[in-house]
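Contents: one structure, followed by commentary.
Please treat every number below as a calculation from the coordinates, not as lab data. Computed from a predicted model, the values in this text were never measured in an experiment. Using ideal geometry, Cβ is built from the backbone for each residue, glycine included, and neighbour counts are taken over all protein chains shown.
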């Protein structure tokens, strides 16, 4: 008799009681039969755990000793969770009742599917795609991530234009379905990242190991966005530093020689533009990211994961420059850039 695969929904929490109160009921009442909900707490100082014990005793709790961030927090937590599939879910996400079934059904059709994401719409404007992944992530040749439904800060209206199941480059960490065996095989997230773009790095390593990444739009969730780490200098720093580390790690030596100088040059242009516009925190964030990246390259690279680089075709890789298409050619949507630029 065939059994339904087990799914562990694991929410990483740090001082997020207000989000748990608002969104956890939609998670615990999800219709998937063989699920268990876990909350991994990154040493919160609010009353998240006390509230959870009283209001949702069915949720399993993992208490971490420090705020380890997204990457190490999940790595530590998932050593304690046994399931066929992990569903990594941000605390600021509202799910729909049948959001799990279509994704698991898709992943069950092919053992090579290592990660998958649902369609991610904005909680505050439910007909718009949300920044963190939209309908499946892509990346350009210089390492800039974008999505089906979101390019830089422009999010498209959902008109069903990305409703087909599709192979993508990366699945969003806001609502990421991961095959547990693949996660542990690849040693999980790169803990150096702390937060931001660690899911893109993991998906890149998954692809280089022969796995595929998918988007399943028949599953829908609604994301607040920016709830776990608000916009500011720290977020800019992590995004730019981690992106450079990811590009360095996952590229071959020949690519590094030309990609990194070009990328750093474009970053500097972006930082100077923000400085002229009076956005000093963005400028400082980029500057600190470059200093940290140089220190990382010349240091001992502790907690770093070096991927096994196989000759595989990377799906969801745009071989042009999304920066050129967006800022110079003024193309603002995924379809305009990926399909109309070919």
(request) Please determine, in degrees from 0 to 90 and to the nearest 10, the orientation of helix 233-250 with respect to the longest principal axis defined by the Cα atoms of the chain, where the helix direction is its Cα long axis. (result) 80 degrees
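Which of the three applies to the range 277-342, rounded, prolate or oblate, going by the alpha-carbon gyration tensor with a ≥ b ≥ c and a/c under 1.5 meaning rounded?
Values: a/c = 3.92, a/b = 1.22, b/c = 3.23.
Oblate, because a/c is 1.5 or more while a/b does not exceed b/c.
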(message) For Rg and Dmax of the Cα atoms in Å, pick the label among (i) 19.3, 66; (ii) 20.7, 79; (iii) 20.2, 71 that corresponds to the value derived from the coordinates.
(response) (i)
(request) For residue 125 paired with residue 185, estimate the spin-label separation in nm (one decimal), with each label point 7 Å from Cα along the Cα-to-Cβ line. (result) 4.1 nm
(request) Place a label point 7 angstrom from the Cα of residue 26 along the Cα-to-Cβ direction, then list the residues of the range 145-188 whose backbone nitrogen is under 13 Å away. (result) 175
(message) Just to confirm the number: angle between the C-alpha axis of helix 280-298 and the first principal axis of the chain, 0 to 90 degrees, nearest 10?
(response) 90 degrees
(request) Highest first, please rank the peptides 171-180, 245-254, 216-225 by the mean number of other Cβ atoms sitting within 10 Å of their residues. (result) 171-180, 216-225, 245-254
(message) Students often check this: by mean Cβ neighbours within 10 Å, which of 55-63, 266-274 ranks highest, and how do the rest follow?
(response) 266-274, 55-63
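With both bridge residues required to lie in the chain, what share of the DSSP beta bridges run antiparallel, to the nearest 5%? Mind dumping the intermediate values first?
Values: 22 of 49 bridges.
Approximately 45 percent, going by the DSSP bridge assignments.
When only C-alpha pairs under 8 Å and at least 6 residues apart count, what is the relative contact order of the range 252-342, in percent?
Numbers: 20 pairs, mean separation 12.1, N = 91.
The normalised contact order for the range 252-342 reaches 13 percent.
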(request) In nm, give the distance between the simple-model label positions of residue 276 and residue 231, each being 7 Å from the Cα along the Cα-to-Cβ direction. (result) 2.0 nm
(message) Given contacts defined as C-alpha pairs under 8 Å and at least six residues apart, what's the relative contact order of the chain, whole-number percent?
(response) 19 percent
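Can you sort 293, 152, 129, 280 so the residue with the fewest Cβ neighbours within 10 Å comes first? Display every interim value, and only then the final one.
Details: 293 21, 152 14, 129 26, 280 11.
Lowest count first: 280, 152, 293, 129.
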(request) Measure nothing fancy, just the Cα-based angle from helix 69-78's long axis to the longest principal axis of the chain, in degrees from 0 to 90, nearest 10. (result) 40 degrees
(message) Given the -39500 (n - 2.57) contribution per DSSP H run of 4+ residues, what per-residue ellipticity at 222 nm results for the chain, rounded to the nearest 500 deg cm²/dmol?
(response) -11000 deg cm²/dmol
(request) Compute from the Cα atoms of the range 233-310 the Rg and the Dmax, the latter being the longest Cα-Cα distance, and quote both in angstrom. (result) 13.3, 44
(message) Counting pairwise Cα distances across the range 22-139, what percent come out greater than 20 angstrom?
(response) 51 percent
